[in-house]
1. What is the extension gain from Lys182 to Thr212, computed as 0.36 nm multiplied by their sequence separation minus the C-alpha to C-alpha distance, in nm to one decimal?
2. For the chain, what does -39500 (n - 2.57) per DSSP helix run (n ≥ 4), summed and divided by total residues, give at 222 nm, in deg cm²/dmol to the nearest 500?
3. Give me the distance between the Cα centres of segment 52-103 and segment 239-263, rounded to whole Å.
4. Using only the alpha carbon atoms of segment 136-195, find the Kirkwood hydrodynamic radius as the inverse mean reciprocal pair distance, in angstroms to one decimal.
5. Can you give me the % of accessible surface on segment 217-360 that is carbon or sulfur? Probe 1.4 Å, all protein chains present, nothing else counted.
6. How high is the relative contact order of the chain, given as a whole-number percent (alpha carbon pairs under 8 Å, six or more residues apart)?
7. PRE reach from Lys357 (point 7 Å along Cα→Cβ): which of segment 300-326 fall under 14 Å by backbone N?
8. So what does log10 I(q)/I(0) come out to for segment 168-220 at q = 0.13, 0.25, 0.28, 0.29 Å⁻¹, using the Debye formula with one equal point on every Cα and no solvent?
Amino acid sequence: MAERIGAPRLPEAPRFRLPEGIMPTLATRARGILEGTFGLQEGQRVLIVHDQGKRNIANAFANGVQILGAKVTPHELKECRFANGGGDEILALVRTGKFDVALNLFESRPDETPYRVVLTSLQKDHIAKTGHAPGITESMLMVNFDYTEASRQAQALRAAFVGAEKVHISSPMGTSIEIGIKNRKWVDDLSFDVGRFMNIPNGEIFSAPEETKANGVIVVDGSIGDFGLVPSPLRIVVRDGKVIKDKSGLVGINWFFSNVPWEHNNWLQALIEKLSVDKMASVIGELGIGLVPFELCGNLLQDEKASGTIHIAFGENTDFGGVNDSQTHRDFLVIAPTIIVYYGGNKSPFKVMGERKILV
């Protein structure tokens, strides 16, 4: 199949396991993710979609697939990437339904978010497990963390949200927002069920909030999906789940400080345009909590997993329990938040996060 789609043949992987005590390499990390997170088994089939810049990472995963006795089909993005028919070949390949696992390893570009939403939605329908990693780097894969402790925190948080009706989130920079989560399921990316897609690297718990029940202010002082670290904190005003707007557009997103250099306004305008691609792009779509001791680097794929942070996304969330069918999905990171959970009945509110720590 690799020859039929014109994909490069990867070198045969060495058939051995690394002795105990040897420092892990990119290849052994990749193999560990395939084995431990995806549960890849001998004889299964893996599709790896990658671009030139992520070829080393793709090769590492391909070698891991071969070492585990599975079969790999690599597909390198063309120069046109997803545009001008470049994505059609990938979608046709996914529709064959012959893969147990798919890995998406490519650069993260703001204009490609709608294509990525289409791709992951199709993979969810046709492939058992998908690892989605736009913007993945070798250094991300090499971070070592306590997987058992992260899993414990994820399960404890999921238990704390049972019966919850809403949360209030605040932060030292001025975030103060109430978000409805009644009857919305919380999931984590440390346990992987068939029919799901998740990010690589993993390390978060997240939910699709009630799309019309978020009110307040978010002060974004971390990263923004596809845009990197904010050059200055942003204030986003949300009413009934939407970034507020008038006839002139999204007026609810502005700089937190008034003395921001004028040249940053082009950056802000580009962000506003991405939140305006359709009517649901500025509607709340996700609330997530990071669990891994990552350092913030400006790449949301890593930053949203960082402990001591939460991220609130606007846009698509139908893949994990919501009803927002936007063609885009963009995350906004808040540092050092406090989260208080409110329940129905007589159950008292409960603080689950504060002072950069999970409190359950």
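The values are calculated or read from the model by the stated rules, or taken from the named source; none is laboratory data. All of these numbers come straight from a predicted model, not from anything done at the bench. Every residue, glycine as well, gets a Cβ built from its backbone with ideal geometry; the counts of neighbours run over all protein chains shown. What goes into the accessible areas is simple: the full protein's heavy atoms, side chains included, and nothing from ligands, DNA or RNA. Shrake-Rupley method; radii C 1.70, N 1.55, O 1.52, S 1.80 Å.
1. Full-extension gain reported as 9.6 nm.
2. -6500 deg cm²/dmol
3. Centre-to-centre (Cα) distance: 39 Å.
4. Kirkwood hydrodynamic radius for segment 136-195: 14.4 Å.
5. Percent of accessible area from carbon and sulfur atoms in segment 217-360: 50.
6. 14
7. Correct set: 308.
8. Debye curve over Cα of segment 168-220, log10 I(q)/I(0) at q = 0.13, 0.25, 0.28, 0.29 Å⁻¹: -0.45, -0.97, -1.03, -1.05.
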